[in-house]
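Enquirer: If you scroll down you'll find the structure; I have some questions about it.
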Amino acid sequence: MGDKRGEMKKKRVFSGIQPTGDIHIGNYLGAIKHWVSIQSEFDCVYCVVDLHAITIPQDPKVLKAKIREVAGLLIAAGIDPEQTAIFAQSHITAHSELTWILNCFTPMGWLQRMTQFKEKSERQKEKVSVGLFDYPVLMASDILLYDTDLVPVGEDQKQHLEFTRDLAQRFNAVYGETFVLPDASIPEVGARIMGLENPTKKMSKSEGGEGNTINLLDPPDIIRAKIKRATTDSLREIRFDESRHGIHNLLVIYELFTGEDRGDIEARFEGKGYADLKNKLGEVVVEGLRPIQTRYKELTEDPQHIDSLLTRAAERVRPIAERVLKKVKDGIGIG
Ligand code: TYM
């Protein structure tokens, strides 16, 4: 991995996840599952983005525990820490440094147009931090520091990826070819898993009630209960129809956990009721998450183990980030 990339000719993949709230099946189906499946094909680097997490207030003890939890969950879900780097963003100072530099090349207007900022800041009004406004620049730095070719993310990150490309192009146009232009890789199905209670909005760590998300560490009876309470509609037919948000979302979750094709799924539930679908889906999700939960429990028996994996991974990838940062500094005449 890392520096051997030239010889192996593998394209580099980079992606990140925030250590806030509980990791849910939206994160899993929209991102993590794909991160796992592309590990041997690409040179993958995955980052627990703790600096992004502090753009909103966090309890220090909880944050520290969440960083471990997320790293543990990524490994439990199938990321192989021997092959793939999983590191904490704050362990590599180049992320903060490049962010400052890129801030100086980012038009305010570009950031003002970011829909995630507009949504989040609406709630916080003028208490909103400068960090939250600057969130996309830190994300661009994450990606650009690793000469990233591909960024596997859910649909909600699409605008941030476009921003990253625009910023890289703008910089390259002035200072010469410095950054690799990354492409977003967004799955065709599952890029936007919706909330269970409110299926017109995406499943989110920070929004909606307890019953809106299925978390990777939810116990089986909670998973079944949440699915039973999921919002559906007053129709009867069970089929993939995007205009019927609730049922469509449940079917997509079923499809992604089972790998069955849509025709077979519709045939399976032909003439059956929503309760049948929900019961079956409950089992499918419980069984799908069981191996992750078991592995997670084993892994976290020794919390030091995860800490040392994070430290080692940062050591492995730091030289890549430092090389790019040096190129940037040389280009603009500092450092
Ligand atoms: P975060 O932590 O919100 O989410 C992690 C990943 O999960 C995807 N995701 C979803 N996919 C489908 N349906 C959903 N309901 C759903 N909710 C979340 C997200 O799209 C994401 O891929 N800004 C990023 C973290 C980040 C990052 C990066 C990502 C920081 N630096 C560099 C890629 C590259 C975020 O907040 O993800």
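Enquirer: List, in the order given, every pair from Lys201/Lys226; Lys202/Lys297; Lys226/Lys278; Lys118/Lys158 whose Cα-Cα distance in the structure shown is over 20 Å.
Expert: Values: Lys201/Lys226 16 Å; Lys202/Lys297 28 Å; Lys226/Lys278 10 Å; Lys118/Lys158 15 Å.
Going by Cα-Cα distance, Lys202/Lys297 fall outside the 20 Å limit.
Enquirer: Compute the projected area of the convex hull of the Cα atoms of the range 137-290, averaged over all viewing directions, and report it in nm² to one decimal place. Mind showing how you got there, number by number?
Expert: Values: hull surface 42.9 nm².
Dividing the Cα hull surface by four gives the mean projection, 10.7 nm².
Enquirer: In a solvent-free Debye calculation with one equal scatterer on each Cα, what is log10 I(q)/I(0) for the range 161-203 at q = 0.13 Å⁻¹, listed in the order of the q values?
Expert: -0.48
Enquirer: Hey, can you grab everything whose amide H is under 5 Å from the amide H of Ser185? Only 5+ residues off in sequence or another chain; H modelled, so Pro and N-termini drop out.
Expert: Under 5 Å from the amide H of Ser185: Val151, Val153.
Enquirer: Ok, one more. Label the range 193-233 by shape, choosing from rounded, prolate and oblate, from the square roots a ≥ b ≥ c of the eigenvalues of the Cα gyration tensor; if a/c is under 1.5 it is rounded, and otherwise prolate applies when a/b is larger than b/c, oblate when it is not. Walk me through the numbers on the way to the answer.
Expert: Working: a/c = 2.31, a/b = 1.24, b/c = 1.85.
Because a/c hits 1.5 or more and a/b fails to exceed b/c, the range 193-233 counts as oblate.
Enquirer: From the C-alpha gyration tensor of the range 93-191, pull out the three semi-axes of the equivalent ellipsoid (sqrt of 5λ each), sorted largest to smallest, in whole Å.
Expert: On the way: eigenvalues 93, 71, 25 Å².
They are 22, 19, 11 Å, listed from largest to smallest.
Enquirer: At q = 0.06, 0.07, 0.08 Å⁻¹, work out log10 I(q)/I(0) for the chain with the Debye formula, treating every Cα as an identical point scatterer and leaving solvent out; two decimals please.
Expert: -0.22, -0.30, -0.40
Enquirer: While we're on this one: In the chain, what percentage of the DSSP-assigned beta bridges are antiparallel, given to the nearest 5?
Expert: Details: 2 of 16 bridges.
Antiparallel bridges make up about 10 percent of those DSSP assigns within the chain.
Enquirer: Ranked from highest to lowest mean number of other Cβ atoms within 10 Å per residue, what is the order of the peptides 289-296, 82-89, 311-318? Intermediate values should be presented prior to the final figure.
Expert: Numbers: 289-296: 16.0, 82-89: 20.0, 311-318: 17.5.
Listed from highest to lowest mean packing, they are 82-89, 311-318, 289-296.
Enquirer: Hey, how many Å between the Cα centroid of the range 203-223 and the Cα centroid of the range 277-335?
Expert: Cα centroid of the range 203-223 versus Cα centroid of the range 277-335: 21 Å apart.
Enquirer: Mean projection of the alpha-carbon convex hull of the range 228-317 over all orientations, in nm²? Write out the running numbers ahead of the final one.
Expert: On the way: hull surface 34.1 nm².
Hull-based average projected area comes out at 8.5 nm².
Enquirer: What do the square roots of 5 times the Cα gyration tensor eigenvalues come to for the range 112-168, in whole Å, largest first, as semi-axes of the equivalent ellipsoid?
Expert: Details: eigenvalues 104, 29, 15 Å².
Semi-axes, largest first: 23, 12, 9 Å.
Enquirer: For the range 6-140, what is one quarter of the convex hull surface built on the Cα atoms, given in nm²?
Expert: Details: hull surface 38.1 nm².
Result: a mean projected hull area of 9.5 nm².
Enquirer: Report the charge-dipole magnitude of the chain in Debye, nearest 20, computed about the Cα centre from +1 at each Lys and Arg Cβ and -1 at each Asp and Glu Cβ.
Expert: On the way: 46 positive and 50 negative charges, 107 e Å.
The calculation lands at about 520 debye.
Enquirer: Packing-wise, with mean Cβ within 10 Å as the measure, how do 90-103, 253-266 rank, highest first?
Expert: Working: 90-103: 18.2, 253-266: 15.8.
Highest-to-lowest ranking by the protection proxy: 90-103, 253-266.
Readers should treat all values here as calculations from the given coordinates under stated rules, not as data from a laboratory. This structure is a prediction, so every number in the text was calculated from the model and none was measured. FYI the Cβ positions are ideal-geometry reconstructions off the backbone, even for glycines, and counts take in every protein chain you see.
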